[in-house]
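**Student:** One structure follows; several queries about it will come next.
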Amino acid sequence: MCAVQGSSAGREGLSNSRGECRTNTAARADVIILGAGASGLFCAREAAGRGLRVLLLERAAVPGRKLAVSGGGKANFTNRTVSPQDYYCCQGREFCGPALASFTPEDMLRLMRGWNLPVEERAHGQLFLTVPAQRLVQALVRDCRERGCRLLCDAPASGVRVADECFQVEAGGKLWHGKALVLALGSPAWPQVGGSGMGYRLAQSLGHTVIAPRPALAPLRLSADDAADAALLELAGVSLPVRISLPDMAYGNGAACGWDDDLLFTHEGLSGPAALKASLFWREGATLRVDFLPGQNVETLLDAPQAGRQSARALLSRHLPQRLADALLPAALARRKIAELSRSARRGIAAAVQARDLRPSGTAGLKKAEVCAGGVDTCEIDPHSMRSLLLPNLHIIGELLDVTGLLGGYNLHWAWASGMAAGRNILK
Ligand SMILES: Cc1cc2nc3c(=O)[nH]c(=O)nc-3n(C[C@H](O)[C@H](O)[C@H](O)COP(=O)(O)OP(=O)(O)OC[C@H]3O[C@@H](n4cnc5c(N)ncnc54)[C@H](O)[C@@H]3O)c2cc1C
């Protein structure tokens, strides 16, 4: 898979009168890109297409491992619509605007057509491949290779410094020299496929601020010690569409933070797209509110004239899995005839089903998180080019930045858009 094996690195870089790094040619490049994941490959493809000498260094034995497993192996590579509203960013999601505007889902679809990669649209505008995501990795690597990019695998970057207006990168026991440097090292989420925290360390060593990373798009744990939530741990395997919200959080311009999607109960707590989306905004101690019958009004169902002779349990089990109805309904009310229930009892049942508050004890951690929220502070990055505002010719892209998309293809789209923004602007 690796296009070129590196020859021995040369002596330390020096700038000549034209501002070029003088060293052994084999160890020299216009731009060194660290990390051959989604954003690094995309950036390398674009920069090499502009005629720059690109050196792409990757820690793993093969490039694009996370991309290859994304979307259950079919890569939810973008969404029908993508806007800053689909992202979370501590310093304000408008940071994403320029890069998203200059690389749209239609641009990505055009590339897919050029690569002959078939796609399909699923719920919520999510665009997936219908062939293995590895084919997308191969297409990117092929393009990079055809454009003259050098890709070197098994080359973990361990240090970076700036000397004589050049970047010197230690990787795989060698020293590499570049006029420009791109950090595309992703996050430590899902370390099974190469996620690492090295990007944060290198960015910090170059003077950047890192907003504390935390697992996101991850399942949420419920505690067996919480009497109210413990019953839900018995529901492993139950899945249904819900509306999930964080009543104490605002989304964007004060709008309520909530989504309609599928929820899956597990032995540890909550998973499925609804829980993963909520995990991006959930913070320790925060409450989740779940409406298990979105689009219906339980009080109206209970008040229907024909409902009076049956129990709330019997009525609700026509709308919900029986095990879930049993776990949600107050035991003292579940088996009584609805006609005998007071107004406040009916309201209590409706609240138990449609405004059920849960108190997760945590996320399932980095090993089960699709991404990390947090990362390099976007205040220090130019939103048009992903160029560092602190250090000339340094760009930072992809998940390493404090930009996190919701579930639905938005994180890969950010990798493309930010990689493209950098690739078009390196050494300009
Ligand atoms: C299981 C899973 C499923 C996902 N599914 C989707 C999906 O369907 N849609 C979606 O939009 N997003 C999805 N994501 C998220 C998406 O894959 C990432 O947001 C995206 O890959 C980030 O791209 P990146 O280039 O920033 O980082 P990565 O793709 O992680 O690339 C970083 C690269 O840097 C390399 N690296 C790390 N340390 C070093 C080092 N020291 N030296 C050199 N190289 C190094 C890594 O090996 C890796 O190749 C998923 C994530 C996971 C874990």
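**Student:** State yes or no: is C2 at pLDDT 95 or above, within 30 Å of the chain's Cα centre (by Cα) and either buried (at least 17 other Cβ atoms within 10 Å of the Cβ) or within 14 Å of the ligand (Cβ to nearest atom) (or both)?
**Tutor:** Criteria not met by C2.
**Student:** In this structure, is D262 farther than 21 Å from V371 by Cα and surrounded by fewer than 20 Cβ atoms within 10 Å (Cβ to Cβ)?
**Tutor:** Answer is no for this residue.
**Student:** State which residue is farthest from the ligand (Cβ to nearest atom) when the search covers only segment 66-81 and only residues that are out of contact with any strand residue (DSSP E or B) (no Cβ under 9 Å at 6 or more places or on another chain) and either among the aromatic types (F, W, Y) or closer than 20 Å to A184 by Cβ (or both).
**Tutor:** Top of the filtered list is A68.
**Student:** Does segment 91-105 include one or more residues that are in a helix (DSSP H, G or I), touching a His at 6+ places or on another chain (Cβ under 6 Å) and surrounded by 16 or more Cβ atoms within 10 Å (Cβ to Cβ)?
**Tutor:** yes
**Student:** Taking strands (runs of 3 or more DSSP E) that do not extend beyond segment 212-331, which have at least 1 residues that are on the phi < 0 side of the Ramachandran plot, in contact with a Phe, Trp or Tyr (Cβ under 9 Å, 6 or more places away or on another chain) and of a type in the set (A, V, I, L, M, F, W, C)?
**Tutor:** In segment 212-331, the matching strands (runs of 3 or more DSSP E) lie at 239-251, 255-265, 288-291.
**Student:** Could you look through segment 383-405, keep only residues that are farther than 18 Å from V31 by Cα and surrounded by fewer than 22 Cβ atoms within 10 Å (Cβ to Cβ), and pick out the one that is nearest to the ligand (Cβ to nearest atom)?
**Tutor:** Checking each candidate, the answer is P383.
**Student:** Right, next: Kindly check whether there is at least one residue in segment 203-217 that is buried (at least 18 other Cβ atoms within 10 Å of the Cβ), small (G, A, S) and more than 22 Å from S361 (Cα to Cα).
**Tutor:** The answer is yes, given that some residue of segment 203-217 is buried (at least 18 other Cβ atoms within 10 Å of the Cβ), small (G, A, S) and more than 22 Å from S361 (Cα to Cα).
**Student:** Let me ask another. Being buried (at least 24 other Cβ atoms within 10 Å of the Cβ) and more than 12 Å from the ligand (Cβ to nearest atom) is the filter here, so list the residues in segment 47-63 that pass it.
**Tutor:** Those that are buried (at least 24 other Cβ atoms within 10 Å of the Cβ) and more than 12 Å from the ligand (Cβ to nearest atom): A47, A48, V54.
**Student:** Within segment 188-201, how many residues turn out to be within 9 Å of the ligand (Cβ to nearest atom) and either among the small types (G, A, S) or surrounded by 22 or more Cβ atoms within 10 Å (Cβ to Cβ) (or both)?
**Tutor:** Counting residues in segment 188-201 that are within 9 Å of the ligand (Cβ to nearest atom) and either among the small types (G, A, S) or surrounded by 22 or more Cβ atoms within 10 Å (Cβ to Cβ) (or both) gives 7.
**Student:** Return a yes/no flag: does segment 120-136 have any residue that is in contact (Cβ under 8 Å) with a residue 60 or more places away in the chain, buried (at least 18 other Cβ atoms within 10 Å of the Cβ) and closer than 24 Å to V31 by Cβ.
**Tutor:** yes
**Student:** Among the residues of segment 397-404, is any more than 23 Å from A163 (Cα to Cα), assigned to a helix (DSSP H, G or I) and among the polar types (S, T, N, Q)?
**Tutor:** no
**Student:** All but one of (1) modelled with pLDDT of 95 or more; (2) farther than 30 Å from S205 by Cβ hold for H395, so report the exception by its number.
**Tutor:** (2)
**Student:** Could you list, in sequence order, all residues of segment 98-112 that are under 16 Å from L406 (Cβ atoms) and either out of contact with any strand residue (DSSP E or B) (no Cβ under 6 Å at 6 or more places or on another chain) or of a type in the set (A, V, I, L, M, F, W, C) (or both)?
**Tutor:** Answer for segment 98-112, where residues must be under 16 Å from L406 (Cβ atoms) and either out of contact with any strand residue (DSSP E or B) (no Cβ under 6 Å at 6 or more places or on another chain) or of a type in the set (A, V, I, L, M, F, W, C) (or both): just L100.
**Student:** Quickly run through segment 172-216 and pick out the residues that are of a type in the set (F, W, Y) and over 16 Å from L34 (Cα atoms).
**Tutor:** Selection gives W190 alone.
**Student:** Please work out if I338 is buried (at least 17 other Cβ atoms within 10 Å of the Cβ) and more than 21 Å from D229 (Cβ to Cβ).
**Tutor:** Spelling it out, I338 is indeed buried (at least 17 other Cβ atoms within 10 Å of the Cβ) and more than 21 Å from D229 (Cβ to Cβ).
**Student:** May I pose another question? Based on what the data block shows, is A352 in a helix (DSSP H, G or I), out of contact with any Leu (no Cβ under 9 Å at 6 or more places or on another chain), small (G, A, S) and touching a residue at least 12 places away in the same chain (Cβ under 8 Å)?
**Tutor:** Criteria not met by A352.
**Student:** Just name the residue that is farthest from the ligand (Cβ to nearest atom) out of those in segment 350-371 that are under 17 Å from A224 (Cβ atoms) and small (G, A, S).
**Tutor:** The qualifying residue farthest from the ligand (Cβ to nearest atom) is S361.
**Student:** Collect the residues in segment 132-164 that are part of a loop (DSSP other than H, G, I, E, B) and within 14 Å of the ligand (Cβ to nearest atom), keeping them in residue-number order.
**Tutor:** Correct list: P132, A133, C153, D154, A155, P156.
The values are calculated or read from the model by the stated rules, or taken from the named source; none is laboratory data. The model shown is predicted, which means the values in this text are computed figures rather than measured ones. Glycine also receives a Cβ, built like all others from the backbone with ideal geometry; neighbour counts cover every protein chain displayed.
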